[in-house]
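*Asks:* Below you will find the structure I want to go over with you.
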Amino acid sequence: MLALPLAPALAALCTPWAAAADLADITATRGTLRIALEGTYPPFNFRDTKSGQLTGYDVDVARTVAIRMGLKPQFVLTEWSAILPALSAGRVDVAISQVIITPQREREFEFSAPYTYSQFQLIVRTNERATYRTLGDLKGRKLGVRQNSVFEQRARDVPGIEVKSYPAMPENLQDLAFGRIDALLDDSLLVDYLIKHTQLPLKAGARVGNVERVGIAMRKGHPNFKLAIDKALREARADGTLRALSRKWFGHDASSTPPP
């Protein structure tokens, strides 16, 4: 007698609608937002040396977005090269780790509206005599980049550069300081922070390329979840929260305008 009432319910569980629940509903039920970030990338996301707690611009933005969505942020520390694969596999809900928006990435992932604008910039040793104004000037030289990053892609597009990729910091900084590579290519906002806080003999080099947009990456097929993410960011921008966080970490507003 129980088989008849249960049959429609079982059939409903097997419908395409049930199999494709929007991530907005899933995270609301779970109560947490699983956020992938590196945790070794100051000033964006890193551990405070005194407290041991995660801190940084991305961490503050992630907490702001999660709270405005009514969720508890759950940070999942992941090497940069594994962040987007983890997102694709569903092990995290979003990636908030200075993910630059590119056409190639937009084919695979959804992105929020940008929450940061920056440029590519070279880092060199303080005693470097050579002048590198463009990536082309590094032909025949060794250039360090983060593994599977847009910085690596851009460097490998220039023939003649010997590209060395690193899974995470600070090994690349140490290699540059000790002369194992000739320069690093990374985010201009990172460079400003490093020059002020690192004890390594490094200095800012030339900025290269155009202004880049950074957004929150998420999987496709969850329109309500994307709407919720964008709403949280839009509110944080409107009430000045994003601007305040940017000035806290960078000294200027990089949340809505190109870097100075």
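The values are calculated or read from the model by the stated rules, or taken from the named source; none is laboratory data. This is a predicted model, so every value here is computed, not measured. No Cβ is skipped: glycine too gets one built from the backbone with ideal geometry, and neighbour counts run over all protein chains shown.
*Asks:* Of the residues in segment 115-137, how many are in contact with a helix residue (DSSP H, G or I) (Cβ under 8 Å, 6 or more places away or on another chain) and part of a helix (DSSP H, G or I)?
*Replies:* Count: 1.
*Asks:* Kindly provide the set of residues from segment 184-199 that are surrounded by 16 or more Cβ atoms within 10 Å (Cβ to Cβ) and either outside any helix (DSSP H, G or I) or over 18 Å from the mean Cα position of the chain (by Cα) (or both), ordered by number.
*Replies:* If the condition is that a residue be surrounded by 16 or more Cβ atoms within 10 Å (Cβ to Cβ) and either outside any helix (DSSP H, G or I) or over 18 Å from the mean Cα position of the chain (by Cα) (or both), then L184, L185, D186, D187 are the ones that fit.
*Asks:* Would you be able to say whether some residue in segment 69-76 is closer than 20 Å to T27 by Cα, of a type in the set (F, W, Y) and modelled with pLDDT of 95 or more?
*Replies:* There is at least one residue in segment 69-76 that is closer than 20 Å to T27 by Cα, of a type in the set (F, W, Y) and modelled with pLDDT of 95 or more.
*Asks:* Is there a residue being assigned to a strand (DSSP E or B) and either surrounded by fewer than 16 Cβ atoms within 10 Å (Cβ to Cβ) or of a type in the set (S, T, Y) (or both) anywhere in segment 104-114?
*Replies:* no
*Asks:* Now for a different question. Considering only residues of segment 28-52 that are polar (S, T, N, Q), modelled with pLDDT of 95 or more and out of contact with any Gly (no Cβ under 6 Å at 6 or more places or on another chain), which is surrounded by the most Cβ atoms within 10 Å (Cβ to Cβ)?
*Replies:* T32
*Asks:* Just name the residue that is surrounded by the most Cβ atoms within 10 Å (Cβ to Cβ) out of those in segment 151-183 that are touching a residue at least 60 places away in the same chain (Cβ under 8 Å) and closer than 14 Å to Y41 by Cβ.
*Replies:* Only one residue fits best here, namely M169.
*Asks:* On to the next question. Can you find, within segment 69-103, the residue that is farthest from R34 (Cα to Cα) among those that are surrounded by 20 or more Cβ atoms within 10 Å (Cβ to Cβ) and of a type in the set (G, A, S)?
*Replies:* Filtering segment 69-103 for residues that are surrounded by 20 or more Cβ atoms within 10 Å (Cβ to Cβ) and of a type in the set (G, A, S), the one farthest from R34 (Cα to Cα) comes out as S97.
*Asks:* Restricting the search to segment 222-242, which residues are surrounded by fewer than 20 Cβ atoms within 10 Å (Cβ to Cβ), among the charged types (D, E, K, R) and under 27 Å from L87 (Cβ atoms)?
*Replies:* Passing the criteria: D230, K231, R234, E235, R237.
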